[in-house]
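The values are calculated or read from the model by the stated rules, or taken from the named source; none is laboratory data. Being a predicted model, the structure only gives us computed values, none of them experimental. Counting neighbours? That spans all protein chains shown, and the Cβs are built from the backbone with ideal geometry, glycine included.
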Amino acid sequence: MSRNTDKKYWLDQPGATDKVFRVVVLLAILAAIPDILALFDFVYHKHTSTDMEDIPVFYGLYAMISFLALLVVAKTVRPFLTRKEDYYD
Amino acid sequence: MEQFTDIFLMLLLVAGALSVLYVRNLFVATMLLGAVSFIMALIFVSLDAVDVAFTEAAVGAGISTVLYLGTLALVGSDEKPARRRALVPLLVSLLVGTALVYATFDMPAFGRADNPVQTHVAPRYIEESPKEIGVPNMVTSVLASYRGFDTFGEVTVIFTAGIGVLLILSQLRRRREDEADLTDGPDTDTNMDNDAAASASPAERVGSEHDLVPHVVAKLLIPFILLFALYVQFHGDFGPGGGFQAGVIFAAGFILYSLIFGLHFTRQIVSTRLVKFLLALGVVLYGGVGVVSLFLGGNFLDYNVLSADPVAGQHLGILLVELGVGITVTAAMIAIFYAFAGRAEGRGNDIN
Amino acid sequence: MIDGLNPGFILILGALLVPLTSGFIRSLLVLALPVLGFAQMISLGLGSWGVIDMLGLQVVLTHIDPLSRVFGIIFHIAAFAALLYSLHVKDTVQHIATLIYAGSAIGAIFAGDLLTLFVFWEITAVSSVFLIWASRTERAFRSGVRYLIIQVTSGVILLGGIALYVADTGSLAFGPMELGSFATWAFLIAFGIKAAFPLLHNWVQDSYPEATVTGTVVLSAFTTKLAIYALARAFPGTDLLIYIGVVMVIFPVVFATLENDLRRTLAYSMNSQQGFMVIGIGIGTEMALNGVAAHASVSILYTCLLFMCTGAILYRTGTAKATELGSLYKSMPLTAFFAVIGSLVIVAFPLTAAFASKSLILSASLKEGYYFVWLFMLFGAVAVIDNIGLKIPVFGFFRRNAEKDPAPVQDAPAHMLLAMALLTGLAILAGVMPGAFFSLLPYDVSYEVYTASHVVTQLQLILFATLAFALALRLGVYPGLKSAINLDFDWFYRKAGKSLAITTGTLILTVWTAFINLCQRGVAGVISLAVDTHGDGKTMSRTVSSSAAVVAIVALFGVILLVAYQF
Amino acid sequence: MSLVASHAPVLAIIIPLLAAPVCAMLRGTTFPWFLTTVISALSFAVSVQILLTVSDTGPISYMLGGWAAPWGIEYVADPLSAFVMLIISGISTGVLLYARESIAKEVPPHQLGLFFSAYLLALAGMMGITVTGDAFNIFVFLEITSLSSYVLIAMGEKADRRALTSAFQYLIIGTIGATFILIGVGLLYMMTGTLNIADIASRFDAIADTRPVRAAVAFLIIGIAIKLAMFPFHVWLPNAYSYAPSIVTAFFAGTATKVSVYLLLRFIFTIFGAEFSFGVVSLSELLMPLGVIAFLSMSTVAIFQTNVKRLLAFSSVAQLGYMTVGIALASEAGLTASILHIFNHAIVKTGLFLSVGCMVFVAGSAYLKDLEGIGSRMPLTTFGFVLGGLALIGVPLTPGFVSKWYLVMATLERGDFLGYALTAGMLLSSLLAVIYIWRVVEVAYFRPAPADAEAREAPLSLLIPTWIFIIGSFYFGIQTTVNVGFAEKAASFLMGGL
């Protein structure tokens, strides 16, 4: 598909990744806002089944913590687990 | 006196058997084996089992010895020296033997009138068989009528042995001929009849052509042997004897003739194909009697229906089936002898 | 339609016609078979057919109830999509294997008794291995052999369990049972192997990536979900399953994070998602079981879809390793599109099917008060967002390769795209119309999917996970992907004892290894003993000596004699 | 028809018995075969008739020579003997359909008359053993069977001269077995004064405690065990089966040892009685270990064989181990399993040997090294072999599964440790069967055929009978009412005493 090589792609532009990152941050903040507002029983009522869920932005925080934990564990065990590609051959 | 005879024969038997074990020359061993068989036959006589004695003498001492000799002509008469002493087997045999002897302690004493063997089935044979079958020799009535089907089975066993020998040995002969004489080409697809035709060749060495005395004696003897065989065959109803013994004696006559005069003369009278035919004929005759009785409305081998009078029917049936036995036995013996002697002949060995 | 015929037979018998056809006719045939099977299933409705009295036990060849029907529907769809996806394959064996495999899986779903289940269970094992062997590489062959051994072992254990079960209860009925007897434990282990319980799971990651492009798609759809079905039928409400499920959710995600091969990453994540269902079965309420059935169906949709996308990458570029890919969105825009949608489904984005199905299980766990279990599941949900939802689009399609992007390729063939579109459409449809979707589920549910708080919290979860992912990438703390092998539990059976010191010094490992070694040595000892005594010409196989036989005869005769006397 | 109906038990035997001498006189290649096949089919038809009558009206008794039972010889067709007769004559007929082209390659044409005569004798002998109600008559027919089988096995010598030595070895060991049986029968006669089986059985309890009777038990069990090729008396079997002509192997594999199993059942259950056999003499403790060693050890030996016929022969010894164990369980369930396995193994093993016979017919050898890539050269034959192999392993929907299922049920019924251990042993043995069958499959499908090997399927006259057995075996694996029904009937009959 030689056609593709001529075409300019937005993602190839310098700074595009920065823009993507900024959008992600923005979206995350947007998603957190209703939770903050819910503190003041504004806009919407939050259904909760546990006390934990009452923590503001619980899901967002939990997601960050989870990912951090995942990274830590993964990086810790990696030296023990990783082998060359032909290890079993 | 009777006890003394028994003990004497028993000791003789043991001595004979041991000497068979110890003798290293197989020819001698064979002869001793014949002697042992004769002693056995004597013991049977002493036990009042005359029919069995008869058979033992004819088969054990007679035909078997001849067949052993035929085999020795093929393999030579020297035993291969034993390499090692089989101590473990000996030990095992001794132990088991001891256990078996122990088993005899409960046996009913020999010949006592109240033994199960004498009290359960046998009385009827003794009391009723003269009325039911009318043959004086009770052994014959049991063998040929009450347990006629067993006898039929035994004839079949002999028939099987006969065709077995024909199958295996003739194939071996052919293989050898094929290997020796490839130029002969397609003519190999025949049977032993050809041997008779080929027998004129100088290689034919069975038979001691130059010994005058055996020749004369044999010529005198053989007709009587055959006559005796016929007597045994047809007198089986009345005295000891019957198809088995008669067949063996009959065959012995022919075998003796072959030994003295050579195989090809015998073959000219009794060709291999005839032997094969007779082999089958005897069984068919025996079974045929059964089938006829079946069609006449009786059970298989029920001779009563063969004639209007049941006793006459039994007579007729026994006569015919005994004839069947005699034919098959004769043929089987001759077939076996042919097969072995034929091999010896092919090798150029003299079986005398 | 033939009355009472198990729809599985339509596919299995139809497979036998495949060798007789070629070209267009074959395409038509293989696509028609799942449709016919589907029609047969629908026309049958609910009930039992083919009840046979065999060996004094009742065998039920076809049994359809609401639980099995859900699985039947999704299996037919998966079979159709997978066959559509593999239309280009010229290898007759693969078509036959696919049809028999899918047919036997469907047959197993509709098996009304344990014996029928076992028969189909074994057929799935034997037929599916050909999809792995079809790669025709040494690696795939050996992987396939391992796969077959494990699968057949599952069948053997199942059979043993059935024998014990019949001895216990005198019945072949396949229904809810109490864990307690040997028989039921055997069932749990047999199902657990196929469901890829932790420590029994390695065959998934070992074999799926070795199968052919199309084979993996097929494999991912049936075996594990069949096991989920069997567990859901036999062990609903068994507490043990909750804990197994939790480990199952957590354990594979670490490996998924480190894995470079996208197909293997998927296999690990699928394993983790499977944990959700096992937990659901363990909870065992109607809502939870509904969630299991729903999530199993949805999971088939997105797993197949994503395996199709990665498969397309592999098909075009020859590799599915993250480190060797880059900027594929340029040359494979449609595939990239479907991959993104697939990712949205797997992360349970609102308006996708998983949003509806996953929340059923999560809510059921909260309702029963399993808060920690719920937290672990949430962790698993986050992990899948990062491991699949972001990793596949980013590393597979959008990120530029650090060294050099691979040469441009063509987009996936039309029939592959069609198959992806089919699954995408269904996943969206079920997400948009959860009511219709839920009406298929075994139990009546009153569950409101689209509440504001649910949507918001889910978005939070997804977006913050994305944020964390983006941050990690920016800060360079994301574990760099390497073309490498990550040791998993299969190390124990593939490599035990070879490099004890290097791997770990922990006592457990030492003991494990020693134990395994001992077993190995024991097995080797038994084998060499067997060879030494039973080999050709060795003692036990010797038949030449008549005299030895005679001694044996006499000796044993003596023994019997002595026994008979009873001194 | 009334003639046939009223004389059926004896007709099934004398038809082949009388045809044998006729056949011996026939010349030509096709006619002896044709006669034998027709005769065998007739015998089969009569057997079917007997079985149907027996299951309708109970055991049939037939007085030979018209003499009443203890004085004359009695034939008794009961559920067990009728079932075994059906198996023997059925297998024989199926094998004969296959025989014409197969045997023409292995036996010289001028000997075919005698060969088929011997075949008929073996058939008649086995049928006679099965149906006779007289202990000495058993011995007579045993001799007919044995002699003819030695001869038939030796006929393999055209292809491999080792057939002669193996037939000779069989003759030596078999004669010992027959002699033991004769001595045993003799001792029983001495103690009871009768030879009729029912009569002995009725008088047995009174004299069961005497030493000669105990010795008779030992003689009979060992004698039969030799004929049955029970481990460790099996040494004659692998050689005999490997070197005999294909059809002889197939015929004997399906019938000969089964007849011995029948004899064992007959003596243990009918004459001695279960209580004496297992309670007083504790035969279980003897038969059980031998059976277990047989199916474990001989399956292992089979794995290492290089000749497929020999491999299957060892597998037969192993399968006989299952039957022995079933008997040793001394329960109705175990007995049912044993009798069922007689039938199921007969049909499966015959099918397997026939398909190997096809391979030998084309490839000229049964050695694995000569069968490389046979799967592509002879697809139908090899596929038949694989299906038969599956049945041997005991995959569901095959008869092997059905009988193993019953056996496992019978062992589990004990409910003790031994029962579980036996079950585990049987599963292990099935696994071993997977391995030895796989060895053949591997050679047949995964090794390339030698370049010079011609791709030629066996002629239809061989293929069709082979497939009849293969399909038949699947039929009886799925539709189990016939075989299971008769086996259950026979087992309950035996357990219920006479």
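Only residues that are away from chain B (no Cβ under 14 Å), touching a residue at least 40 places away in the same chain (Cβ under 8 Å) and β-branched (Val, Ile, Thr) were counted in region D:37-64, giving 3.
Restricting to region C:366-376, give me the number of residues that are within 11 Å of chain A (Cβ to nearest Cβ) and under 17 Å from A:Tyr59 (Cα atoms).
Keep residues of region C:366-376 that are within 11 Å of chain A (Cβ to nearest Cβ), which gives C:366-372, C:374-376.
Pick out the ones that are also under 17 Å from A:Tyr59 (Cα atoms) and you get C:366, C:371-372, C:374-376.
Counting residues in region C:366-376 that are within 11 Å of chain A (Cβ to nearest Cβ) and under 17 Å from A:Tyr59 (Cα atoms) gives 6.
Screening region B:58-152 for helices (runs of 4 or more DSSP H) wholly inside it with 1 or more residues that are in contact (Cβ under 8 Å) with a residue 60 or more places away in the chain and either assigned by TED's automatic domain parsing to the domain that holds B:Val283 or more than 24 Å from the chain's Cα centre (by Cα) (or both) returns the ranges B:122-132, B:138-141.
Going through (1) in contact with a helix residue (DSSP H, G or I) (Cβ under 8 Å, 6 or more places away or on another chain); (2) within 14 Å of chain A (Cβ to nearest Cβ) one by one, C:Val445 falls short only on (2). Of all residues in region B:37-53, those that are without any contact (Cβ under 8 Å) to a residue 12 or more places away in the chain have Cβ atoms under 8 Å from Cβ atoms of residues that are part of a helix (DSSP H, G or I), 6 or more apart or on another chain, in B:Val45/B:Ala53; B:Val52/B:Phe44. Residues considered: C:Ile12, C:Ile52, C:Ile42, C:Ile25. Of these, the only one that is under 14 Å from C:Ile109 (Cβ atoms) and in the same structural domain as C:Val119 (by TED's automatic domain parsing) is C:Ile12.
Restrict the check to region C:188-199 and report whether at least one residue is out of contact with any strand residue (DSSP E or B) (no Cβ under 7 Å at 6 or more places or on another chain), of a type outside the set (A, V, I, L, M, F, W, C) and free of Cβ contacts under 8 Å to residues at least 12 places away in the same chain.
Initially, region C:188-199 is screened for residues out of contact with any strand residue (DSSP E or B) (no Cβ under 7 Å at 6 or more places or on another chain), giving C:189-199.
Of the ones still in play, those that are also of a type outside the set (A, V, I, L, M, F, W, C) are C:192, C:194, C:198.
Still in the list and also free of Cβ contacts under 8 Å to residues at least 12 places away in the same chain: none.
Checking region C:188-199: not a single residue is out of contact with any strand residue (DSSP E or B) (no Cβ under 7 Å at 6 or more places or on another chain), of a type outside the set (A, V, I, L, M, F, W, C) and free of Cβ contacts under 8 Å to residues at least 12 places away in the same chain.
Considering region D:146-257, the qualifying helices (runs of 4 or more DSSP H), each wholly inside and each with 3 or more residues that are among the hydroxyl-bearing types (Ser, Thr, Tyr), run over D:162-192, D:236-243.
What is the residue count in region C:328-366 for residues that are within 22 Å of the chain's Cα centre (by Cα), hydroxyl-bearing (Ser, Thr, Tyr) and modelled with pLDDT of 90 or more? Number satisfying all stated conditions: 1. Is there a residue being over 24 Å from D:His345 (Cβ atoms) and small (Gly, Ala, Ser) anywhere in region D:69-89? Yes; the residues of region D:69-89 include at least one that is over 24 Å from D:His345 (Cβ atoms) and small (Gly, Ala, Ser).
Tell me which residues, restricted to region D:85-110, are within 14 Å of chain B (Cβ to nearest Cβ) and of a type in the set (Val, Ile, Thr). Talk me through it step by step, then tell me what you get.
Step one: list which residues in region D:85-110 are within 14 Å of chain B (Cβ to nearest Cβ), which gives D:103-104, D:106-110.
Answer for region D:85-110, where residues must be within 14 Å of chain B (Cβ to nearest Cβ) and of a type in the set (Val, Ile, Thr): D:Ile103, D:Val107.
Quick one: which of D:Ser299, D:Ser242, D:Ser315, D:Ser260 is within 13 Å of chain C (Cβ to nearest Cβ) and more than 27 Å from D:Lys105 (Cα to Cα)? Talk me through it step by step, then tell me what you get.
On the way: D:Ser242 fails: more than 27 Å from D:Lys105 (Cα to Cα); D:Ser315 fails: more than 27 Å from D:Lys105 (Cα to Cα); D:Ser260 fails: within 13 Å of chain C (Cβ to nearest Cβ).
That would be D:Ser299, the only listed residue that is within 13 Å of chain C (Cβ to nearest Cβ) and more than 27 Å from D:Lys105 (Cα to Cα).
The combined condition, being more than 20 Å from C:Pro252 (Cβ to Cβ), of a type in the set (Phe, Trp, Tyr) and surrounded by fewer than 23 Cβ atoms within 10 Å (Cβ to Cβ), is not fulfilled by C:Phe187.
Results for (1) modelled with pLDDT under 90; (2) under 28 Å from the mean Cα position of the chain (by Cα); (3) among the hydroxyl-bearing types (Ser, Thr, Tyr), shown as yes or no for each residue.
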{"position": "C:Leu46", "(1), (2), (3)": "yes, yes, no"}
{"position": "C:Leu57", "(1), (2), (3)": "yes, no, no"}
{"position": "C:Ser68", "(1), (2), (3)": "no, yes, yes"}
{"position": "C:Ala78", "(1), (2), (3)": "no, yes, no"}
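Scanning region D:348-404 for residues that are in a loop (DSSP other than H, G, I, E, B), at negative phi and not small (Gly, Ala, Ser) returns D:Glu372, D:Met378, D:Val395, D:Pro396, D:Thr398.
May I ask you to list the residues in region B:134-154 that are more than 10 Å from chain D (Cβ to nearest Cβ) and not hydroxyl-bearing (Ser, Thr, Tyr)? Please lay out each step first, then the result.
Filtering region B:134-154 down to residues more than 10 Å from chain D (Cβ to nearest Cβ) leaves B:134-141, B:143.
Result: B:Gly134, B:Val135, B:Pro136, B:Asn137, B:Met138, B:Val139, B:Leu143.
When region D:125-138 is examined, which residues are found to be buried (at least 24 other Cβ atoms within 10 Å of the Cβ), assigned to a helix (DSSP H, G or I) and facing chain B (nearest Cβ under 9 Å)? Hits for region D:125-138 are D:Gly125, D:Gly128, D:Asn137. Taking the conditions (1) farther than 25 Å from D:Arg203 by Cβ; (2) at pLDDT 90 or above; (3) not basic (Lys, Arg) in turn, D:Asp78 satisfies each one other than (1).
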